Amino acid sequence: MSEERRKAIGTILEAGFQMESDAFKALMEISSMGHLDPLVKEVLRVAGTVEPRPASISRDLVLRAAEHLDLSGKTLETDHSGLGHGRRFAEDLESRLEVVSDPTGKLGTTGSFDDFLRYFRSRFDKMSLLFRQRMDTRNAGTISDALSGGSNGRGRFICMVLDKRERGDRIFLTVDDYEDEATVLVGRQNPTVYEIARKIVRDQVIYIQARKSTGPLLVAESIVLPEIPDRKPAHANEEIYAALVSDVHVGSKVFLEEEFRRVLSWLKGDIGTPNQRDVAERVKYVLIGGDLVDGIGVYPRQEVDLAVPDIYEQYRLAAKFVSEIPEYMDVVLIPGNHDAVRQALPQPAIPKDFAGPVYDSRKITSLGDPAEVRLHGVHFLLYHGTSLMDILSGVPGLDYQRPVEVMEYQLRARHLSPEYGKMTPIGPEQEDFLVVERVPDVFTSGHIHVSGAGVYRGTTIVNSGAWQGQTDYQKRMGLIPKPGILPVVNLKTLDVKMINFQ
Ligand SMILES: [Fe+2]
Ligand SMILES: [Fe+2]
């Protein structure tokens, strides 16, 4: 073994990874023309982005690293031959985009007491319906039945959590339904129930089976979350892709303009390895999940983070980028908390007053947040993710660097912002648009600027990361983003490719 090879293996082992034999072979083959050192560096960088951290370097990981290096190789960037400049696969395919739900035009709370009452009733009714459709929870009674002893001193009911207190190893949930209120005790002697209770937050709607104790106290025997059923998701018949962009933050000093331009070049077929160009050819949909611009006055002292302090100019610049997305692709846009639209969820589509230049730049389907679309038969739930930080701070065991688990929590709770009124503004509309009524095949968010993908009970979960480097604000908050990675969903298999443009 040459000294260079020995050194490369040493570097990988020192970084704490084992090396699979296939991976070693691939590493040697690919680097036979040189470039071993940069390849090893890229392998370690890619391995560092995988969740959970792998124990060993696989062949697949080496190939991915090699692809990234190709992408940034100057020779490929200027290679305009071959793929990408004839008719492209997605160009000849008819678009199949249907809007399933959109809050735009349906909003209008005045914030009165009655509106709050109606909002929480809508939440309770929608969630109750989910429980009533399930075999194991359809026969729920009421809190009042349980308090009066139910059958054999036990009762089963659907309730909303009004309050949660933890005292030592006991959790007390104050719950109510339309008629009554009760306190439910969860003790550690039932570890399964205790673990569920630890992760429950105020305002969540749950199903409880409880035994009557003294006075208005009930002791929980089981707690059931609304959950999504385990099932086979729908898929497209053709191999066609949706690219998930979010949190572009045009106007920010740390907008990753160069990386984002490379995404546009890749979509146009101008750059990429042969494999990546094959995928680009088949991209039919581009979904923009909010925070298209950095906005103004979104957080204290934002002005120091802005390169473009004018919101109109930010959208004018954004329009230039959006106009470069090939014409035959369908673009869907929803707002985020940095966009120029009401901040309370659900948000309507970004108004023309601000985003006019974006709408004039090409055909765009502009929807509110959250919204649902069907793309080639695949049901997408699009949500910017404004509540993700609240869920992270309120639920034990979740981690900012693992966005998929936070989104899995939302699916299990069947609600995008289970706890009302922390940092997430929610408009008390007549209807709770944040209940996950229909089970999506793909659930996508952004907002926390950390990309990730996974599958939960048949639903593909994707967080689309960001195109903004670390802001001073994030530095102060100790948040480390993972930008510059584009998730691309294969609508035939629902597999997600993470293409690194860094
Ligand atoms: Fe963002
Ligand atoms: Fe955001």
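Couple of notes before you dig in:
- Boolean, E303 is modelled with pLDDT of 95 or more and either crowded, with 20+ Cβ neighbours inside 10 Å or farther than 13 Å from V245 by Cα (or both): no
- Matching option when the condition is of a type in the set (V, I, T), closer than 18 Å to M498 by Cβ and within 16 Å of ligand 2 (Cβ to nearest atom), among I448, I426: I448
- Any hit, region 373-381, residues being within 16 Å of ligand 2 (Cβ to nearest atom), within 15 Å of the chain's Cα centre (by Cα), closer than 29 Å to G421 by Cα and crowded, with 22+ Cβ neighbours inside 10 Å: no
- The residues in region 254-293 that are at negative phi, assigned to a loop (DSSP other than H, G, I, E, B) and within 16 Å of ligand 2 (Cβ to nearest atom) can be counted, and the count is 4.
- Top-ranked residue in region 451-479 [being away from ligand 2 (no atom under 16 Å from the Cβ) and touching a residue at least 60 places away in the same chain (Cβ under 8 Å); ranked as nearest to D399 (Cα to Cα)]: Y456
- Answer residue from region 443-457, given it is closer than 30 Å to G108 by Cβ and assigned to a strand (DSSP E or B) and is nearest to ligand 1 (Cβ to nearest atom) among those: S445
- Screening N275 on (1) modelled with pLDDT of 95 or more; (2) farther than 29 Å from D102 by Cα; (3) over 22 Å from the mean Cα position of the chain (by Cα) shows it passes everything except condition (1).
- Residues in region 432-442 that are outside any strand (DSSP E or B) and of a type in the set (A, V, I, L, M, F, W, C): F433, L434, V436, V439.
- Where a residue in region 326-341 is hydroxyl-bearing (S, T, Y) and its partner, wherever it lies, is assigned to a loop (DSSP other than H, G, I, E, B) and more than 13 Å from ligand 2 (Cβ to nearest atom), with Cβ under 9 Å and at least six apart: Y328/R88; Y328/L93; Y328/S95
- Taken over region 242-263, the criterion of being surrounded by fewer than 18 Cβ atoms within 10 Å (Cβ to Cβ) and away from ligand 1 (no atom under 16 Å from the Cβ) is satisfied by E258, R261.
- Residue match in region 32-45 (condition: within 26 Å of the chain's Cα centre (by Cα) and either assigned to a loop (DSSP other than H, G, I, E, B) or free of Cβ contacts under 8 Å to residues at least 12 places away in the same chain (or both)): no
- Residue selected from region 298-308 under the condition within 25 Å of N463 (Cα to Cα) and assigned to a loop (DSSP other than H, G, I, E, B), by the criterion farthest from ligand 1 (Cβ to nearest atom): Y299
- Total residues in region 392-423, condition of a type outside the set (S, T, N, Q), within 16 Å of ligand 2 (Cβ to nearest atom) and within 24 Å of R118 (Cα to Cα): 3
The values are calculated or read from the model by the stated rules, or taken from the named source; none is laboratory data. As the structure is a prediction and not an experimental result, all values here were calculated from the model. Every residue, glycine among them, receives a Cβ derived from its backbone with ideal geometry; neighbour counts consider all protein chains shown.
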